[in-house]
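Participant: Take a look at the following structure, please.
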Amino acid sequence: MTKQIVVSGIRPTGNLHLGNYFGAVRSFLKMQEDYNCYFFIADIHSLTTHPTPVNLQSGVKQVLAEYLACGIDPEKSIIFIQSDVPEVSELYAFLNMNAYLGELERTTSFKEKARKNPENVNAGLLTYPVLMAADIIIHKAQFVPVGKDQEQNLEMARKFAGRFNRMYNCELFPLPQPFTFDGGDMIKVPGLDGSGKMGKSEGNGIFLVEDPKDIRKKVMRAVTDAGPLEPNSKKAEAVENLFTLLKIVSTPEVVSHFDAAYNDCSIRYGDLKKQLAEDIIAFTSPIRESILEILKDEAYLGKVARMGAERARESAQKTLNEVKDVIGFRRLF
Ligand code: TRP
């Protein structure tokens, strides 16, 4: 049986943190066993915020090395860089003709970005969902693993794919669905600042590539409260968050030890934080070492990128030829 197709893109902005790992990367590792996966670095999308050439280059290299270090396997998955597949930009141009100003302006992420940066409301920002749709449908993906914040963009991709099919009376594109594990094992990783989830822009993240001494510093500074006043009291959100992190990186014995200490009011948050820091470091250290190794091996990075580009282009060209045929670009003379 042919495997179903999964596409997911990652913008090359900032290092991967524990939230990215347990929220997304870990499910990519599972998916690559059973699906035909295309994982790419969305460098064209990142141009909306005008990175310098040097930052763009180092960002792309960094994410590529980080994904490889986490275990995304270039033999199993097709790992590529968006700008290496020009067919995507071509399909983007075609799709733009059937994407309407009104619907693009109504997109939540567009409104949000326009509000935050009123001096940089560029057309690329407006048509961001069209480029994202091109990324997805050019490989005829059935599934796209994305977080909540991308659901609307995915809905737009379905809209553009369906509109194309109807307009040209064909069934070229499947309608891509959000990918969710039946076990529901997408974990939300909390930050260290007392509330909310770990995020790049929240500045509350622990990076996979981070130095052990910086990890210790961050964890020791994490928000807590004054400690439980009576036995078996409910944990404040900040404390609950530390326990959630502990559950992710420590053994069940360690978790129940601190749970018991909390419940009989003997807990010392300093001890919990020390333990948490060491267990995070034990988890991230091998990944960190591997990231640093891979970053040094430019020949390997180049080989992976070229191999991925070649395989992604093969699939993209096939679809693009079909698209051109139905649009009426086939020369009859
Ligand atoms: N918009 C996505 C994000 O910011 C990145 C992205 C670009 C993407 N193209 C995609 C995700 C295609 C999934 C599929 O996270």
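Throughout, read-outs are computed from the coordinates displayed, never taken from laboratory work. This one's a predicted model, so the numbers in the text were calculated from it and none came from an experiment. Using ideal geometry, Cβ is built from the backbone for each residue, glycine included, and neighbour counts are taken over all protein chains shown.
Participant: Residues of the range 131-147 with backbone nitrogen within less than 18 Å of a virtual label 7 Å along the Cα-to-Cβ line of residue 163, please, listed as ranges.
Facilitator: Only 131-138 pass the distance filter.
Participant: If you don't mind, another one. If Rh is defined by the Kirkwood formula over all Cα pairs and Rg also comes from Cα, what ratio Rg/Rh do you get for the chain?
Facilitator: Computed over Cα atoms, the ratio is 1.03.
Participant: Please compute the length gained on full extension between residue 105 and residue 300, using 0.36 nm multiplied by the number of residues separating them and subtracting their Cα-Cα distance.
Facilitator: 66.0 nm
Participant: For a quick check of your reading of the filter: which GluC sites (Glu not before Pro) in the range 150-227 sit in a DSSP loop and have no more than 16 other Cβ atoms within 10 Å?
Facilitator: Answer in residue order: 171, 202.
Participant: Work out how much length residue 188 to residue 333 would gain on full extension: take 0.36 nm times their residue separation and subtract the Cα-Cα distance, in nm to one decimal.
Facilitator: 46.5 nm
Participant: In whole percent, what relative contact order does the range 212-292 give with Cα contacts below 8 Å and a gap of six or more residues?
Facilitator: Result for the range 212-292 is 44 percent.
Participant: Also: Quick check: the angle from helix 86-96's long axis to the longest principal axis of the chain, C-alpha only, nearest 10 degrees?
Facilitator: 80
Participant: Further question: In degrees between 0 and 90, to the nearest 10, how far off the longest principal axis of the chain does helix 128-137 point, with axes built from Cα atoms?
Facilitator: In the chain, helix 128-137 runs at an angle near 80 degrees to the longest axis.
Participant: On to the next question. Could you list the chymotrypsin sites (Phe, Trp or Tyr not before Pro) in the range 128-236 that lie in coil according to DSSP, counting only those with at most 12 other Cβ atoms within 10 Å of their Cβ?
Facilitator: 181
Participant: Roughly how many Å is it from the Cα centre of the range 303-333 to that of the range 49-109, as a whole number?
Facilitator: Answer, in whole Å: 17.
Participant: At what distance in nm do the modelled label points of residue 211 and residue 247 sit from each other, each positioned 7 Å from its Cα along Cα→Cβ?
Facilitator: So the two model labels end up 3.3 nm from each other.
Participant: Helix 252-263 against the longest principal axis of the chain: what's the angle in degrees, Cα atoms only, rounded to the nearest 10?
Facilitator: For 252-263 against the chain, the angle is about 60 degrees.
Participant: Follow-up question, since we're still on this one. Which translational diffusion coefficient, to the nearest whole µm²/s, is obtained for the range 94-173 from the Stokes-Einstein equation, given a Kirkwood hydrodynamic radius over C-alpha pairs, 4 °C and 1.567 mPa s?
Facilitator: It diffuses with D of about 98 µm²/s by this estimate.
Participant: Along each of the three principal axes of the Cα atoms of the range 212-292, give the extent in whole Å, ordering the values from largest to smallest.
Facilitator: 47, 24, 18
Participant: Could you give the dipole magnitude of the chain about its Cα centre, charging the beta-carbon of Lys and Arg +1 and that of Asp and Glu -1, in debye to the nearest 20?
Facilitator: For this selection, approximately 720 debye.
Participant: Moving to a separate point now. Once label points are set 7 Å from the Cα along Cα→Cβ at both residue 170 and residue 122, what is their separation, rounded to one decimal in nm?
Facilitator: It works out to 3.1 nm between the two label points.
Participant: I've got another one for you. Sticking with the crude label model, points 7 Å out along Cα→Cβ, report the distance from residue 155 to residue 324 in nm, one decimal please.
Facilitator: That separation, rounded to one decimal, is 3.5 nm.
Participant: Would you compute the Debye intensity of the range 1-108 from its alpha-carbon atoms alone, equal scatterers and no solvent, and pass along log10 I(q)/I(0) at q = 0.14 Å⁻¹ to two decimals?
Facilitator: -0.67
Participant: Can you give the three extents of the C-alpha atoms in the range 279-333 along their principal axes, from longest to shortest, in whole Å?
Facilitator: That works out to 65, 26, 10 Å along the principal axes.
Participant: Could you work out the relative contact order of the chain, using alpha carbon pairs under 8 angstrom and six or more residues apart, expressed as a whole percent?
Facilitator: In percent, rounded to a whole number, it is 23.
Participant: Between residue 314 and residue 34, what is 0.36 nm times their sequence separation minus the Cα-Cα distance? Round to one decimal in nm.
Facilitator: 98.7 nm
Participant: Based on the Cβ-Cβ distance of residue 282 and residue 148, what FRET efficiency does E = 1/(1 + (r/R0)^6) give at R0 = 30 Å, to the nearest 0.05?
Facilitator: That gives a FRET efficiency of 0.50.
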